[in-house]
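The values are calculated or read from the model by the stated rules, or taken from the named source; none is laboratory data. Note that this is a predicted model, so its numbers are computed, not measured. Heads up, the Cβs are rebuilt from the backbone with ideal geometry, glycines too, and the neighbour counts pull from every protein chain shown.
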Amino acid sequence: MSSPRAWGTNRPTGPRMSDNADTDADPYTLHDGDEGENGERGFVFWADEMADEIEVRAPEEPIVIKGGISPSGVPHIGNVNEIMRGYFVAEVLRERGHEVRQVFTADDKDRLRGLPRKLADLEGNIVDLGEVDAGALGRNLGKPYTAIPDPFGCCDSYGDHFSMLIGRSADLLGVPIEIESNTAMYEEGEFEESTRYFLENRERAHEVLSKYQDGVDESYIPFLAECENCGHLTDQITSVNLDSNTVEYECVDVEAGEQVIEGCGHEGTATLREGKLPWRFEWVAQWKALGVDFEPFGKDHAEGSWPSGQDIARNVFDFEPPVPMVYEWFTLDGEAFSSSAGNVMLVSEVLDLIEPEVLRYFFAKDPSRARDFNVERIDLLVDEFDRLERIYFGEVEADDREEQRAERIYPFCVEEVCEARIRLPYTFAAVLGMTDDSDLREEIARREGHIPEEAPDWAVEEALSRVESARNWARETENEYDYDLKRTELPDVEVDGNTKRALEELADFVEEGHTPEEIQGEIYEAAKRNDVPVGDFFATGYRLFFDQEQGPKLGQFLGKLDREFVLARLRRER
RNA sequence: GGGCCGGUAGCUCAGUCCGGCAGAGCGUCUGGCUUUUAACCAGACGGUCGCGUGUUCGAAUCGCGCCCGGCCCGCCA
């Protein structure tokens, strides 16, 4: 067997179950051409396909679905893949009558290797490193996240702080996950048996791992000890004593990217609970300890960790690794997520702009496709969701494919299927954000036909809540829906003679006191009387009040504002 | 250098596993609603399905080669 192995070549026929290393499971599980039990293919929802793969193995109940990240910093919406991809599969299995646990490991025994530039408090506010005690963090490089004080002082440790944020992200999306702290699992001995087994069979472990990694020599010992003197994790294990379940170690320097984290040189003894396994072994130990049946992971793991992990599971241990599923990474506004470059977005920030069901819908889409989460055009995502919803309720026509898709996917996106809901079109909601007057918002929405006469109060309230979201979006992106009534300053507007006369006539009309509808009519009349093209005259009006080319229905809107201001502005006095 | 994933209309995306007229929404343009202003309605515009090649009666779809973007093949996770 060559190294690295050409395990991708068995893709077309690779069986899911195997008892030898020549039939490894391809992690690109989606659309892989395997026949289902009765030869049916053509899934409209990828989670159905994954659920089939899991059911074929007849797993014990409860079925365990896992995800996990290390709580090293701000958990952003890229990390939500780990939560939501597993969630949809869990829900499909629950629908089929299975009991399912969705667990999420906080890989918090990992060591802090560098200082993140951005952190986030528990409310999800991003703060710069400089705003917390950076020095205290710097002195803790090399220690496990759970052995480092919380820079915000609100949780027991750095690791707990960011695990808490991950949990809150899941809560916000309505996903019930059980977070398992790696640190706690080590302390409670959950990994002790596996650790002991790896150390006992370290030649075998080395033999398997060396197929995937260079630079692991004969003396390789798969354990990192936590130094009793300085708290750093060290991989310098000098001897293993399985009779007492301990190792001897020396606290040595660690390379972390560009820099070196210095060890203290202490030589000591650690139990198997006072340290950790290297990642590739740890992952397998998690599968074993938790009985994991399914695990989605990013494409970064697909070519490295996964092939070695499943090999270790089968050939060092003797158990079947979980059904894998690779998901493509997505970009944020066309760029990779990067906390150091500030290109991150928290779930809580996204939910300031869109409803949770829309974000859930984003993650219901095909995981194998690379895509962009585009904040500028988030209205398109919302429109797409609204259309899915309308297709589901049979309110718009669509082809069979779309109908099947909506029928299957929509119920998993919403907390509760409710036909009586009302959705204001997102960009229309953004326009309503021009006024803070909630009664006026509702009145305009009703007049434009977006709220039916007999709509119940709760539905109206929920519909109007989108206005706040859409306004946040308009403001954040400073786009054309960022309506802001220019009350304090007169926008710079060029006005020719005809337009000037038309504006004066309109001002006089308003001064006489008329209904909003009459004012709207007068805008047309004033323009026509003075040979000003109607479109141009409206544009001038929007310019004067909003410094924009477009806006809400002008007459009705001006009729609602205080007359004194409207008159002064039409006469361009202030 | 080797491997893997992605590349479909100006934008956001379906369709690719299973070959059968290249699609949706948004956008743009034109017209209509005897007041174009988030409008709405009707119609139109918009594509070398990354490029090439092979197989086929027929290729976005299958094979091979190439281009571009990203990831892995060191450490770490």
Exercise. Does the range A:76-83 contain any residue that is under 24 Å from the mean Cα position of the chain (by Cα) and modelled with pLDDT under 85?
Worked result: no
Problem set entry | Those helices (runs of 4 or more DSSP H) lying entirely in the range A:154-226 with at least 1 residues modelled with pLDDT of 95 or more | A:158-172, A:182-187, A:192-200
For this session: Restricting attention to the range A:351-366, report how many residues are buried (at least 18 other Cβ atoms within 10 Å of the Cβ) and near RNA strand B (Cβ under 9 Å from one of its atoms).
Result: 1
For this session: Kindly establish whether A:LEU93 is within 24 Å of A:ALA364 (Cα to Cα) and more than 16 Å from RNA strand B (Cβ to nearest atom).
Result: yes
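Against the condition under 25 Å from A:GLY433 (Cα atoms), of a type in the set (Asp, Glu), surrounded by fewer than 17 Cβ atoms within 10 Å (Cβ to Cβ) and within 16 Å of RNA strand B (Cβ to nearest atom), how does A:GLU525 come out, does it pass? Lay out the reasoning, then the answer.
Details: under 25 Å from A:GLY433 (Cα atoms): no; of a type in the set (Asp, Glu): yes; surrounded by fewer than 17 Cβ atoms within 10 Å (Cβ to Cβ): yes; within 16 Å of RNA strand B (Cβ to nearest atom): yes.
Here the answer is no, as A:GLU525 does not meet what is asked.
Do we have A:TRP283 as part of a helix (DSSP H, G or I), of a type in the set (Phe, Trp, Tyr), within 14 Å of RNA strand B (Cβ to nearest atom) and touching a residue at least 12 places away in the same chain (Cβ under 8 Å) here?
On the way: part of a helix (DSSP H, G or I): yes; of a type in the set (Phe, Trp, Tyr): yes; within 14 Å of RNA strand B (Cβ to nearest atom): yes; touching a residue at least 12 places away in the same chain (Cβ under 8 Å): yes.
Yes: the conditions hold for A:TRP283.
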Seminar exercise, completed: Reported set for the range A:93-107 where residues are touching a residue at least 60 places away in the same chain (Cβ under 8 Å) and over 20 Å from A:GLY159 (Cα atoms) is A:ARG101, A:GLN102
For this session: Could you tell me whether A:ALA430 is part of a helix (DSSP H, G or I) and among the hydrophobic types (A, V, I, L, M, F, W, C)?
Result: yes
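Name the residue that is surrounded by the most Cβ atoms within 10 Å (Cβ to Cβ), counting only residues in the range A:108-158 that are more than 30 Å from A:ASP235 (Cβ to Cβ) and free of Cβ contacts under 8 Å to residues at least 24 places away in the same chain.
Here the answer is A:VAL127.
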Exercise. Which of the following residues is surrounded by fewer than 18 Cβ atoms within 10 Å (Cβ to Cβ), outside any helix (DSSP H, G or I) and of a type in the set (Gly, Ala, Ser): A:GLY97, A:GLY78, A:GLY68, A:GLY73?
Worked result: A:GLY97
For this session: Restrict the check to the range A:427-441 and report whether at least one residue is away from RNA strand B (no atom under 12 Å from the Cβ), surrounded by 18 or more Cβ atoms within 10 Å (Cβ to Cβ) and over 28 Å from A:GLU573 (Cα atoms).
Result: yes
For this session: For the range A:250-280, enumerate the residues that are more than 10 Å from RNA strand B (Cβ to nearest atom) and small (Gly, Ala, Ser).
Result: A:GLY263, A:GLY265, A:GLY268, A:ALA270, A:GLY275
For this session: Filter the range A:545-567 down to residues that are of a type in the set (A, V, I, L, M) and either in contact with a Leu (Cβ under 9 Å, 6 or more places away or on another chain) or not in a helix (DSSP H, G or I) (or both), then give me how many there are.
Result: 3
Exercise. Within the range A:560-569, can one find any residue that is among the small types (Gly, Ala, Ser), at pLDDT 85 or above and surrounded by fewer than 19 Cβ atoms within 10 Å (Cβ to Cβ)?
Worked result: yes
Problem set entry | Residue within the range A:339-350 that is under 27 Å from A:PHE294 (Cβ atoms), within 11 Å of RNA strand B (Cβ to nearest atom), of a type outside the set (Asp, Glu) and assigned to a helix (DSSP H, G or I) present | no
Problem set entry | Test: A:VAL92 is farther than 21 Å from A:ARG168 by Cβ and assigned to a helix (DSSP H, G or I) | yes
Problem set entry | Output for the range A:390-426, where each listed residue is part of a loop (DSSP other than H, G, I, E, B), buried (at least 16 other Cβ atoms within 10 Å of the Cβ) and near RNA strand B (Cβ under 10 Å from one of its atoms) | A:ALA398, A:LEU424, A:PRO425
